[in-house]
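Single-structure report; data block below.
Values in this text are rule-based calculations from the coordinates and carry no lab data. If you're wondering where the values come from, they're calculated on a predicted model, not measured in any experiment. We place every Cβ from the backbone using ideal geometry, glycine too, and count neighbours over all the protein chains shown.
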Amino acid sequence: MSGAVGGAGAAARAIAAIDAARIAADTCELIGGRGENPGETEAETVRRLRAACERIGATVELQELAPGRPNLHAAIGPEDGPAVLFLGHSDVVPAGEGWSADAFAARRVAGVRGEAIVGRGAADMKGGLAAVLAAMAAVHGEAPGIRLELLCTVDEEDRSQGVRAWLAEHPPRDYLACIVAEPTDLEIVIGCRGATNLAVDVVGASAHAGRPADGASSISAAARIVELVRGLHDRAVAGPADPLLGTPTWNVGTIAGGSGTSMVPRATSLTIDRRTMPGEDPGRILDALLGLARADIAASGIAGAERIEVRGRVDMVMPGFRADDAAAVVGIAADALRRLGAAVAITGWTAACEGGFIAEHHGAPTIILGPGDINAQAHQPDERVELADLVTAARAYALIALGLAASSPATPADRGLPQTIAAGGTAHD
């Protein structure tokens, strides 16, 4: 996989325009906006992000999902120019315990390779947003004919209501690619599993605990569903694995039921996480689970089994996606990282992100590429990101945008693009 990253002179100037101090300052500013989800709103982070977007000359549109919860869309460059979309989110997981200082008072500390920034959201993903802003400003300064957009959603860390609301009001359009700035440790992620939350309600019949046979225990039935899910998980992970994405997984996340120790429990509820492969239908997954659960309970010998109902619903869906290995954005991203002296790894993610919504709605080739480590840094006490990685990410984003525009046959030479980029350019100085 290979691809040009744009004209050498323009690329070099864009790289030179990216200011590490500005990225660090923006990252710290956005961390201070908080936005714990659940528990708070994203309003202050979005206010700060809007100011930064307007500082670089972007036009900003807000869409309020709920009071204090606005999606943000920023765009720079002509509406009909070749367009690159960056995707991020403004919320963070709750700070939790174990921090050595205030989680939202960003600190600049000694890192592995120079300086690091510590604070909730440093890696996931206030630092990624700051890197995107720096790249958008640098590319626009060199190639104002390229359309650069940032969609920053609310509620990514919980139910992804923000991205669904945005896409519901904005029809599909052509993008050269979508780059999700989630923390991948600067690996190029070309696919990820989806996430589906299933809610299952078990309803039996209450009775006095001294005569349990008079009732129908919803907890006993729910316990069988827990074991059923465990078996489904074991079979899934023992089955064929996608080389990048692995296998589907199942997990019972919560269970709640009963009214008192001396009563046969009438109602019990479970929530189940099912990690899906691209193309799987959550509705069919739920229907299959409910069918298996009903048959198992009916044959179980539980007192009153014939009186037990099992109902369910799909509570949340985050679709997975898989980009074509030969997509231009994949080769261009790899060339960009090589040019910057970074290691190149093209891989998949077992986590989930909102890139699947964009791939599904717009049909855009989508990758995830960002600073920070999702496993070792994100969602941890003293969450941090290396400043060197933020700068590399910003430079890579700039080179990718220039390269995508250069590779597009629809890019005219009079769009404000340097002639070397409009003609295709080369991958190296």
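A crude spin-label estimate for the pair T350 and D80, with each label 7 Å from Cα along the Cβ direction, gives 4.9 nm. Within the chain, antiparallel bridges make up roughly 75 percent of the DSSP beta bridges whose residues both belong there. Shown in residue order for region 325-340 are the 3J(HN,Hα) couplings computed by the Karplus curve 6.51 cos²θ - 1.76 cosθ + 1.60 at θ = phi - 60°: 4, 8, 4, 4, 5, 5, x, 5, 5, 4, 5, 4, 5, 4, 4, 8 Hz (x for Gly and Pro). Working note: Karplus 6.51/-1.76/1.60 with θ = phi - 60° gives region 189-195 the couplings 9, 9, x, 8, 5, x, 10 Hz, where Gly and Pro are set to x. Ordered by the count of other Cβ atoms within 10 Å of each Cβ, fewest first, T59, T41 give T59, T41.
Comparing L290, L148, L129 in a Gaussian network model of the chain (Cα springs below 10 Å), the most mobile by mean-square fluctuation is L290. Report the calculated FRET efficiency for D281 and A326 (r = Cβ-Cβ distance, R0 = 25 Å), to the nearest 0.05. E between D281 and A326, to the nearest 0.05, is 0.40. With the charge dipole of region 195-318 set up from +1 on Lys and Arg Cβ and -1 on Asp and Glu Cβ about the Cα centre, the Cα lying farthest toward the positive end among the listed residues T196, G210, N251 is that of G210.
When the Gaussian network model of the chain links Cα atoms closer than 10 Å, the mean-square fluctuations of N197, N375, N71 top out at N375.
A Cβ-based charge dipole, computed about the Cα centre of region 195-318 with Lys and Arg at +1 and Asp and Glu at -1, lands at about 220 debye. Applying 1/(1 + (r/R0)^6) with r as the Cβ-Cβ distance of R313 and E169 and R0 = 25 angstrom yields a FRET efficiency of 0.50. Charging the Cβ of each Asp and Glu at -1 and of each Lys and Arg at +1, and nothing else, the dipole of the chain about its Cα centre rounds to 340 debye. From helices alone, the chain scores -10500 deg cm²/dmol at 222 nm; the rule is -39500 (n - 2.57) for each run of n ≥ 4 DSSP H residues, then divide by the residue total. For the chain, the relative contact order comes to 28 percent (Cα pairs under 8 Å, sequence separation of at least 6). Maximal additional length on extending the D234-E54 stretch stands at 59.7 nm, based on 0.36 nm per residue less the C-alpha distance. Across region 49-54, coupling constants 3J(HN,Hα) worked out from phi with the 6.51/-1.76/1.60 Karplus curve, θ = phi - 60°, read 5, 4, 4, 5, 5, 5 Hz, and Gly and Pro carry x.
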